[in-house]
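The values are calculated or read from the model by the stated rules, or taken from the named source; none is laboratory data. This one's a predicted model, so the numbers in the text were calculated from it and none came from an experiment. Heads up, the Cβs are rebuilt from the backbone with ideal geometry, glycines too, and the neighbour counts pull from every protein chain shown. The accessibility values were calculated without ligands, DNA or RNA, using every heavy atom of the protein model including side chains. Shrake-Rupley method; radii C 1.70, N 1.55, O 1.52, S 1.80 Å.
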Amino acid sequence: MKKIVLIEDDSDLYTLIQYNLEKEGFTLVGSQTGKGALDMCRRERPDLIILDIMLPDSDGLDICKGIRAHPELANVPVIFLTARASETDRIVGLELGAHNDYIVKPFFVRELIARIKIHFRGQKPVSKMLKSGDLELDRARCRVELSGQEISLTATEFRLLEFLMTRPGVVFSREQLLDAVWGHDRAVTDRTVDVYILRLRQKIEHPDVPSFIRSVRGFGYSFNPEVPEERTRALATE
């Protein structure tokens, strides 16, 4: 089931869109203000975002810039809803990203649904299960197992591990991990990343001889996808 984030300040239009999308089988979450919209998108990890440009407290174009700059959201389709019908406004909206679309108010809800379905057409299904050796992360159930034994993780530890496992071999700086896992509305420092990495290592491997999470001196961390199953079994039993 596809998840859609709707950011629209008109309560009547919001309710109308919500009703029709849920009737079509989509899961919908959203807000009627722009405040915290980017952090909500990061937290919800939607398959598509419907974004009003003219919000009472924010500029939808600025929110879109934040979406496109975020590693977790950069490729998520964004459909703009706006009363701005000029050619310049359309060009600005579309130039913010290759995955953007633009619908001018007033519009038929059927057109919006059709545009949404076009964006989803041909998309590869997202794997709900991530695996490296005997380490398995179930995204649907928010569950992690090592050699068949469940590992208890906090929500933040789970998001951090999930982010790294979905990008094996890629080295991320502490700042990039903070943006991806904690979001922009945060009161944490680079040191927080080190603390959570240590906690993860204590739960899934030996902190002194890490196998899954690699430290890259002077930069950050990456996930090693090539840990042999014999090694993960040993970690689970030691």
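Scanning region 38-74 for residues that are touching a His at 6+ places or on another chain (Cβ under 9 Å) and over 24 Å from THR15 (Cβ atoms) yields ARG42, GLY66, ARG68, HIS70, ALA74. A count restricted to region 3-23 and to residues that are in contact (Cβ under 8 Å) with a residue 60 or more places away in the chain and open to solvent by 60 Å² or more (accessible area, probe 1.4 Å) stands at 1. Among the residues of region 24-45, not a single one is open to solvent by 30 Å² or more (accessible area, probe 1.4 Å) and free of Cβ contacts under 8 Å to residues at least 12 places away in the same chain. Checked against (1) modelled with pLDDT of 80 or more; (2) surrounded by 12 or more Cβ atoms within 10 Å (Cβ to Cβ); (3) closer than 25 Å to PHE26 by Cα, MET129 meets all criteria but (2). Taking region 180-197, which residues are within 20 Å of ARG217 (Cα to Cα) and either exposed (fewer than 14 other Cβ atoms within 10 Å of the Cβ) or acidic (Asp, Glu) (or both)? Those that are within 20 Å of ARG217 (Cα to Cα) and either exposed (fewer than 14 other Cβ atoms within 10 Å of the Cβ) or acidic (Asp, Glu) (or both): THR189, ASP190, ARG191, ASP194, VAL195. Restricting attention to region 192-213, the residues being touching a residue at least 12 places away in the same chain (Cβ under 8 Å) and either basic (Lys, Arg) or in a helix (DSSP H, G or I) (or both) number 10. When the residues of region 142-179 are narrowed to those that are aromatic (Phe, Trp, Tyr) and not in a strand (DSSP E or B), which ends up farthest from the chain's Cα centre (by Cα)? Here the answer is PHE158.
What about LYS117, is it at pLDDT 85 or above, closer than 24 Å to MET40 by Cα and not aliphatic (A, V, I, L, M)?
yes
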